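Following: one structure in structure tokens, then a few remarks.
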Amino acid sequence: MSQSISRQMTKLLWNVTLMMIIVITFSHANNTWDNWIRFDENYLLQWTVKDADITFEMQVRTHGYVGFGLSRDGTIYGADVFISWIDDGHMFFYDCHIKTHTQTSEPVVDTSQDYELLSGSENSTHTILRFRRKLNTCDDKSDVPITNDTMNIIFLYTDEKPKRGQFRSDNLPNLSHAILQIRSLLLLQRSPNIDMNNNETFEMFEIRNAISNVTSHGLLKWCHSYRNNLKNHQIIRYESIFSSLESRNFINFMRIYECKSQLSDLRTVDDINGECTERLKLERKCFTSIAIWTKGSDGFTYPNNVGYPLDSTKSDNFLLEIHYQDIPKDFHDTSGFRLFHTSQRRQFDVGTISLNIRPNFLHIIAPGYKRVVSIGHCTSNCTQKAFPAAGLNIFGVVMQTHSSGTMIKINLVRNGEELEPITQDTNLNSNYIETRLLNQTRTLYPGDHLMIECTYNSYKRERFTLGGESSNEEICMANIMYYPRQEQLVACNSQSKISDVLRALGIEELGKNWNQTVITKPDRYAGRTLEKHLELYDWKNEFFTFERIIKTSAFDGYCNSAFVATRISGSPAVITKPYRPPDTYCPSPRPNKLTNDDDANENSIEDDKSKEVRSPSTLLQQTSNNECNQASVLIFILVSIVSVI
């Protein structure tokens with residue numbers, strides 16, 4: 001008898017435990033967010049993307065009106081804005097836009113209301129709103145589509161509410177103060193700052209620069225070397241460190257290289273603390289990137305199944321490279337990186353491949369055009385010899401240009417077929433270059449041809465721009481992160497052949513005049529230096545011929561392993577089947593209209609509770625009913641379980 005009771009009690013406890021797990025799962029499922037950002041100390045935004053919808057929750061420390069919006073070009077003009085507030089127990093919310101050609105920043109209520117308010121409430125300090133919209137509402141006139149590109153986010157709030165609880169023209173108090181700075185975000189990319197696994201134990205060490213009493217006009221590249229004493233560890237996160245806010249203002253770029261020259265064959269590890277050169281990196285065999293910082297980024301956390309390997313028996317030194325721009329007199333800096341590492345090895349070791357157009361004078365961007373395209377290559381010859389038959393799995397990418405860059409794309413050609421781009425950004429912001437974690441891994445196979453395509457806007461530039469790493473020059477760069485790690489290809493770059501650049505510029509022959517290189521043929525250009533020729537060149541009429549020659553000609557390729565740099569001759573990929581993006585489908589417009597003509601009746605929405613005003617208590621009641629329905633299901637499950645005992 002006692003054994004039977006014991007068995008029943010054990011079974012009951014097990015079923016109750018199971019029920020509690022189910023309850024907890026249901027509870028957490030309704031309160032998790034894939035991404036979040038704190039715009040300032042008062043404004044938290046959280047969001048999750050599912051299929052064609054995106055759901056947001058804003059928590060704002062105010063009892064006035066609040067807002068969220070998407071900018072088309074980094075300004076408020078043409079922006080898509082959501083405005084909401086709670087007044088006397090009623091919820092007000094409006095899908096609005098700000099006209100492109102206007103002298104005010106007043107929002108105009110959209111004809112089609114495409115934001116759906118899910119819940120809203122106030123507590124003693126905050127206004128909390130949850131809302132949803134389609135990624136593409138198909139309202140091209142008033143809404144900004146949410147894409148994989150860099151999105152310009154508007155956030156606004158103030159302590160005041162509109163008068164009489166109505167949205168009328170000029171009725172949003174302190175609008176110019178409510179709209180705060182516009183921030184750039186990757187809304188559809190997985191967050192690069194995902195939390196580290198709490199079950200892992202980790203340690204930290206710092207790699208910092210040591211620059212003191214230095215002054216420089218223009219670009220200064222400074223390097224400092226470090227010893228690696230770790231064995232069988234993996235880096236699971238890295239983040240930037242700045243010795244001061246002033247230092248950060250003068251830094252364009254930071255990178256840590258893993259170097260393959262053994263220090264026993266060289267001088268001591270601390271021998272390098274000075275200006276950085278390509279020859280230095282070549283001698284040290286510093287070809288592999290461990291960590292990269294660009295403007296707009298603070299750190300990166302690896303996904304839970306991968307880590308960057310650290311093993312002093314294979315690589316016992318690092319090189320920190322920092323690019324400074326126009327540093328003042330007697331400048332001091334100890335900026336660098338903090339690395340988080342663990343001895344609890346994860347499933348895969350991470351590798352990186354640098355894909356670039358080599359930043360030098362052979363990369364020429366013509367002035368006066370809204371669209372100038374430059375293409376760099378990693379040829380099938382490089383990948384055929386380096387990649388394993390099973391392929392490499394790409395999970396993250398960093399892409400970068402300088403200020404004139406507007407678009408960047410990594411293309412993949414396999415057996416003549418151009419596949420879907422690995423990643424791209426058609427709204428690039430050079431001040432916000434964040435690591436992109438792909439939503440789905442992409443596999444590279446031997447023989448694949450990779451291309452990096454950068455588009456620049458030089459319309460307002462009267463002078464040509466050359467490739468280079470200073471802020472007034474241009475780059476076209478990507479760092480690809482993948483697993484499993486290999487060391488046969490860590491950098492794959494290209495540059496135009498100088499003979500083809502001269503041919504594209506109409507130059508037949510160069511010669512020497514004193515200590516200068518000058519054009520000798522054709523006669524009409526004779527005596528010009530190359531720089532002068534670029535200034536006087538007829539870019540208006542000759543640009544498209546120049547661009548065609550550069551894009552279709554052979555180039556010099558560089559296939560660098562972790563140990564040696566190899567130069568080859570390469571040709572553009574022969575594409576027999578170009579990639580065609582899928583058509584964008586927009587259904588018929590939904591009959592969700594507030595007015596017949598928002599331009600004829602701007603901001604004249606009255607207090608019509610049957611359409612625009614929804615009580616927070618009603619919304620909260622709906623949420624409560626959903627929870628009660630879930631609880632009823634769980635109670636039914638529990639009763640069924642107990643009845644079986």
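For the stretch 327-387, the residue among Val350, Phe331, Phe361 whose Cα projects farthest onto the positive side of the dipole built from Cβ charges is Val350. Normalised by the number of residues in the stretch 76-140, the average gap of Cα pairs under 8 Å and 6 or more apart makes the relative contact order 24 percent. Scanning residues 5 or more positions from Gly78 or on other chains, those with amide H under 5 Å from its amide H are Ile98, Lys99, Thr100, with H placed 1.01 Å from N in the peptide plane. 3J(HN,Hα) couplings calculated from phi for the stretch 417-433 with the Karplus curve 6.51 cos²θ - 1.76 cosθ + 1.60 (θ = phi - 60°) are, in sequence order, 9, 7, 8, 4, x, 4, 6, 7, 9, 9, 9, 5, 10, 5, 8, 9, 10 Hz; Gly and Pro show x. Which net charge results when you count Lys and Arg as +1 and Asp and Glu as -1 among the other residues whose beta-carbon is under 11 Å from that of Thr342? The answer is +1. Can you send over the carbon and sulfur percentage of the accessible area for the stretch 275-365, probe radius 1.4 Å, protein chains only? The nonpolar share, carbon plus sulfur, comes to 47 percent. Let me know the shape class of the stretch 22-137, please: from the alpha-carbon gyration tensor, a ≥ b ≥ c as square roots of the eigenvalues, rounded when a/c is under 1.5, otherwise prolate if a/b is greater than b/c, or oblate. It is prolate, given that a/c is not under 1.5 and a/b is the larger ratio.
Extension gain for His533-Asn415 works out to 38.4 nm (0.36 nm per residue, less the C-alpha to C-alpha distance). Computed over the stretch 406-460, the Cα gyration tensor eigenvalues convert (square root of 5λ each) into semi-axes of 24, 15, 8 Å, ordered from largest to smallest. Ligands, DNA and RNA left out, the accessible area of the stretch 395-454 computed with a 1.4 Å probe is 35% carbon and sulfur. Taking 13 Å as the straight-line reach from the Cα of Lys163, the aspartates and glutamates in range (excluding those fewer than 8 positions away in the same chain) are Asp87, Asp88, Glu606, Asp607. Under a plain spin-label model, where a point goes 7 Å from the Cα along Cα-to-Cβ, how far apart in nm are Thr32 and Thr215? Those two pseudo-labels are separated by 5.8 nm. For Thr443, the residues 5 or more places off, or on other chains, whose built amide H falls under 5 Å of its own are Ile394.
Spin-label model, Arg548 to Asn515: label points 7 Å out along the Cα-to-beta-carbon direction sit 4.2 nm apart. Taken one residue at a time, the phi angles of the stretch 77-87 give Karplus couplings (6.51, -1.76, 1.60, θ = phi - 60°) of 7, x, 6, 9, 10, 10, 10, 8, 6, 10, 9 Hz. Gly and Pro are set to x.
Rolling a 1.4 Å probe over the protein heavy atoms gives the stretch 349-454 an accessible area of 34 Å² per residue.
The label-point distance for Asp326 and Asn273, in a model that sets each label 7 Å from Cα toward Cβ, rounds to 2.9 nm. Treating r as the C-beta distance of Asp159 and Leu282 and R0 as 45 Å, the FRET efficiency rounds to 0.15.
Just list whichever of Lys460/Lys532; Lys221/Lys314; Lys497/Lys521 have alpha carbons separated by over 24 Å in the model shown. Those over the limit are Lys221/Lys314. Within straight-line reach of Lys134, meaning a Cα separation under 26 Å, sit the following lysines at least 8 residues removed in sequence or on another chain: Lys50, Lys99, Lys409, Lys593, Lys609, Lys611. With a cut-off of 9 Å between beta carbons, the residues surrounding Ile408 carry a summed charge of -1, where Lys and Arg count +1 and Asp and Glu -1. Summing charges over neighbours of Tyr77, with a neighbour being any other residue whose Cβ is under 13 Å away from its Cβ, gives -1 when K and R count +1 and D and E count -1.
Residues in the stretch 324-337 carry Karplus couplings, in order, of 9, 10, 6, 6, x, 5, 6, 6, 10, 7, 10, 6, x, 10 Hz; the curve used is 6.51 cos²θ - 1.76 cosθ + 1.60 with θ = phi - 60°, and Gly or Pro positions show x.
The values are calculated or read from the model by the stated rules, or taken from the named source; none is laboratory data. The model shown is predicted, which means the values in this text are computed figures rather than measured ones. Cβ coordinates were reconstructed from backbone atoms using ideal geometry, including for glycine residues, and neighbour counts include every protein chain displayed. Side chains are part of the model used for accessible areas, which takes the heavy atoms of the whole protein and leaves out ligands, DNA and RNA. Shrake-Rupley method; radii C 1.70, N 1.55, O 1.52, S 1.80 Å.
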